[in-house]
Amino acid sequence: MLLQDFIGYLAASLTTCSFVPQALQTFRTRDVSGISLGMYSVFTVGIALWLVYGLALGAWPIVAANAVTLALAGAILAMKLRYGRSR
């Protein structure tokens, strides 16, 4: 494995894992009051575009990280849309 790939996978792992605590807390509590709908909407679209970019380049660290991050951010966004209005 090339050094730049290793750095890419490490960076991708760390930034993607940073979403896990927020996602778990949101799933457990369903408290989305502290989550910005605008920020998560724009962020989720941005992550989707990074995923497309990674696929176009064949850059697997970018693809892997953004696929997982998109799933986590999309789930948080969906919970914000579902539970954000009821509170």
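The values are calculated or read from the model by the stated rules, or taken from the named source; none is laboratory data. Computed from a predicted model, the values in this text were never measured in an experiment. Neighbour counts are summed over all protein chains in view; Cβ atoms, including those assigned to glycine, are modelled from backbone coordinates with ideal geometry. For accessibility, only protein heavy atoms count, side chains too; no ligands or nucleic acids. Shrake-Rupley method; radii C 1.70, N 1.55, O 1.52, S 1.80 Å.
In segment 44-66, the residues that are more than 14 Å from Thr16 (Cβ to Cβ) form Cβ pairs under 8 Å with partners that are crowded, with 17+ Cβ neighbours inside 10 Å and among the β-branched types (Val, Ile, Thr), at six or more places apart or across chains, as follows: Tyr53/Ile62; Leu55/Val63.
Selection of segment 1-21 for residues being small (Gly, Ala, Ser) and open to solvent by less than 70 Å² (accessible area, probe 1.4 Å) yields Gly8, Ala11, Ala12, Ser13. Of the numbered criteria (1) at pLDDT 95 or above; (2) open to solvent by 50 Å² or more (accessible area, probe 1.4 Å), the one Gly46 fails is (2). Within segment 22-34, the presence of at least one residue that is within 10 Å of the chain's Cα centre (by Cα) and either surrounded by fewer than 16 Cβ atoms within 10 Å (Cβ to Cβ) or in contact (Cβ under 8 Å) with a residue 40 or more places away in the chain (or both) is confirmed. Look through Tyr83, Tyr40 and report the one residue that is among the aromatic types (Phe, Trp, Tyr), out of contact with any helix residue (DSSP H, G or I) (no Cβ under 7 Å at 6 or more places or on another chain) and open to solvent by less than 60 Å² (accessible area, probe 1.4 Å). Criteria check complete, one pass: Tyr83. Scanning segment 52-66 for residues that are buried (at least 19 other Cβ atoms within 10 Å of the Cβ) and not β-branched (Val, Ile, Thr) yields Gly54, Ala65, Asn66. The residues listed here are Leu70, Leu77; of these, the one that is crowded, with 18+ Cβ neighbours inside 10 Å, in contact with a Phe, Trp or Tyr (Cβ under 7 Å, 6 or more places away or on another chain) and either among the aliphatic types (A, V, I, L, M) or within 18 Å of Phe19 (Cβ to Cβ) (or both) is Leu77.
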